[in-house]
Amino acid sequence: MVALSLVVLLFGGLIRNVANRSMRQLTCPPEMLGRMNAAARWLTFGPLPVGALMGGALGESLGLWPAPAATILGLTLGPVALRLSPIRHGRRLPTTSEVEMPVTRPRS
């Protein structure tokens, strides 16, 4: 059962990553793609060390069994926030004709 849960979790993450990156690349002007990807990676991977320190502090203060329970409780807040946000009304990616692209001029 744990293995099946892990497979479903990892597959869901894979689908989320592909959809997320596709949406970002479609809605971002071409000349800003590098900056946008750098910012997204910084926001994604930057907090990981802080989370590790917080997890260690939580395990130290609450104990090794209540800390994962508190983590699971915290992880359930993400889907709740998405459910309450306007993101849930987005049903499809915009096409390139629907996204306003800036006119690029050749560099002199």
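Where a number appears in this text, it was derived from the coordinates with a stated rule and is not lab data. Worth saying up front: this structure is predicted, and the values here are computed from it rather than measured. Please note: Cβ atoms are built from the backbone with ideal geometry, for glycine as well, and neighbour counts cover all protein chains shown.
Between Ala19 and Ala57, what is the FRET efficiency for a Förster distance of 22 Å, r being their Cβ-Cβ separation, to the nearest 0.05?
Working: r = 33 Å, r/R0 = 1.52.
The value I calculate is 0.10.
For chymotrypsin sites (Phe, Trp or Tyr not before Pro), no site in the range 1-66 is both called loop by DSSP and has at most 14 other Cβ atoms within 10 Å. Kirkwood hydrodynamic radius computed over the range 1-92 comes to 16.1 Å, based on all pairs of distinct alpha carbons.
Projected onto planes of every orientation and averaged, the convex hull of the alpha-carbon atoms in the range 15-57 covers 3.5 nm². Spacing of the modelled spin labels on Arg88 and Leu26, each 7 Å from Cα toward Cβ, amounts to 2.1 nm.
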